[in-house]
1. Name the residues in region 264-285 that are crowded, with 21+ Cβ neighbours inside 10 Å and either touching a residue at least 40 places away in the same chain (Cβ under 8 Å) or assigned to a loop (DSSP other than H, G, I, E, B) (or both), would you?
2. If you check 127, 62, 56, which single one turns out to be under 13 Å from residue 306 (Cβ atoms) and among the hydroxyl-bearing types (Ser, Thr, Tyr)?
3. May I ask you to verify whether residue 292 is surrounded by fewer than 19 Cβ atoms within 10 Å (Cβ to Cβ) and either part of a loop (DSSP other than H, G, I, E, B) or among the aromatic types (Phe, Trp, Tyr) (or both)?
4. Applying the selection to region 140-182, what residues are of a type in the set (Val, Ile, Thr), within 16 Å of the ligand (Cβ to nearest atom) and either assigned to a loop (DSSP other than H, G, I, E, B) or within 19 Å of residue 25 (Cα to Cα) (or both)?
5. Take the residues in region 250-280 that are within 15 Å of the ligand (Cβ to nearest atom) and of a type in the set (A, V, I, L, M); name whichever of them is farthest from residue 112 (Cα to Cα).
6. Could you run through region 48-58 and say how many residues are more than 17 Å from residue 112 (Cα to Cα) and within 10 Å of the ligand (Cβ to nearest atom)?
7. Which of the numbered conditions does residue 230 fail, given that it passes all the others? Conditions: (1) surrounded by 14 or more Cβ atoms within 10 Å (Cβ to Cβ); (2) within 14 Å of the ligand (Cβ to nearest atom).
8. Restricting attention to region 160-217, which residues are more than 14 Å from residue 246 (Cα to Cα), polar (S, T, N, Q) and surrounded by fewer than 16 Cβ atoms within 10 Å (Cβ to Cβ)?
Amino acid sequence: MSPRLRHLTTLEHLPRETIERLLDRAMAMRDACAHGTRKIDLLTGRTVLNLFFEPSTRTRTSFELAARRLGADVVNFDIGFSSANKGEELYDTLHTLEAMHLDAIIVRHKASGTPDELVRHAMSGVSVINAGDGNRAHPTQGLLDALTIRQHRPDFENLAVTICGDVKHSRVARSDVHALSALGVRDIRLCGPASLMPDAGEFAQCRFVEDFSQAIEGADAVIMLRLQKERMAQTELPDEAAYFRQYGLDSARLARARKGCLVMHPGPINRGIEIASEVADGAQSRILEQVGNGVFVRMAVLGELLAR
Ligand code: ASP
């Protein structure tokens, strides 16, 4: 059996067995908490901290719900009112928080690598969970996307998955590729304007297809990404109307995918920019299912890291 995780900062290099264990555990959590109507007494007496240096709605709420459903106490460290704004070093913040005896720090930061830095500098036995660092990783999103696909198309070896949009700046795309390739998906297509595509070397296991109509042909799942303007240089900003014409998902494009293709998006969605409302709200949309699965996946991760 693969060893139990102490931290979760990335899915890169995680063995298939570990990823499958977390997905199985997420399903078990869903059943044990009866879809959220019952609490599980797994982390009573444990304290987890949400330390978010970047805005978040879904992820932060989802981690908070997950921890509470397991009986843990949750503290939200509001960066807006903290001394982080007064120039307090990240490590001073870490050590101050550690002195309050926390069991886990869930961190989101605009700088890639911050969660691993915290792991290296932690003095206590605190576990670190990455809730998104720069464009590098968003491991719980990768897991919840894999879980959502598995619920509908468990035959990973034979799947074609298209990831379309601002791949270059997307930590979601990276964690999705890590999860899906570990689980056996061989046909992963990356699509987007050349200026928003990453180096091919970083995604050696994927196929780069610039034309979206080609990239979605016969796909079993399509994951749409937001234009992450906050990580773009002014010169990279595409014209939104032209972008939608080339890379937006509407029903005509979706018709080129395999029948019943799963439509996914990590949120927040921008209607009329990367996805049309008719598709985001349509019968094939799994976007809200992804959100629901997020809570179970985060319960699974907290359980893996913190259960006694
Ligand atoms: N919510 C996701 C993230 O934090 C995707 C996005 O922001 O576009 O990376």
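Just so it is clear, none of the values below were taken in a lab; they were calculated from the coordinates. A quick note: this is a predicted structure, and the numbers were derived from the prediction, not measured. Neighbour counts are summed over all protein chains in view; Cβ atoms, including those assigned to glycine, are modelled from backbone coordinates with ideal geometry.
1. 264, 265, 266, 274, 275
2. One residue alone meets the criteria, 127.
3. Numbers: surrounded by fewer than 19 Cβ atoms within 10 Å (Cβ to Cβ): yes; either part of a loop (DSSP other than H, G, I, E, B) or among the aromatic types (Phe, Trp, Tyr) (or both): no.
The answer is no for residue 292.
4. Here is the first cut: in region 140-182, the ones of a type in the set (Val, Ile, Thr) are 140, 148-149, 161-163, 167, 172, 177.
With within 16 Å of the ligand (Cβ to nearest atom) added as a condition, the list becomes 140, 148, 163, 167, 172, 177.
Of everything in region 140-182, those that are of a type in the set (Val, Ile, Thr), within 16 Å of the ligand (Cβ to nearest atom) and either assigned to a loop (DSSP other than H, G, I, E, B) or within 19 Å of residue 25 (Cα to Cα) (or both) turn out to be 140, 148, 167.
5. First pass over region 250-280, keeping only residues within 15 Å of the ligand (Cβ to nearest atom): 264-271, 273-275, 280.
Still in the list and also of a type in the set (A, V, I, L, M): 264, 269, 273, 275, 280.
On the way: 264: 24, 269: 23, 273: 26, 275: 27, 280: 30 Å.
Taking the candidates together, the pick is 280.
6. Taking region 48-58 and keeping what is more than 17 Å from residue 112 (Cα to Cα), we get 48-50, 57-58.
Filter once more, keeping what is within 10 Å of the ligand (Cβ to nearest atom): 57-58.
Residues meeting the conditions: 2.
7. (1)
8. 205
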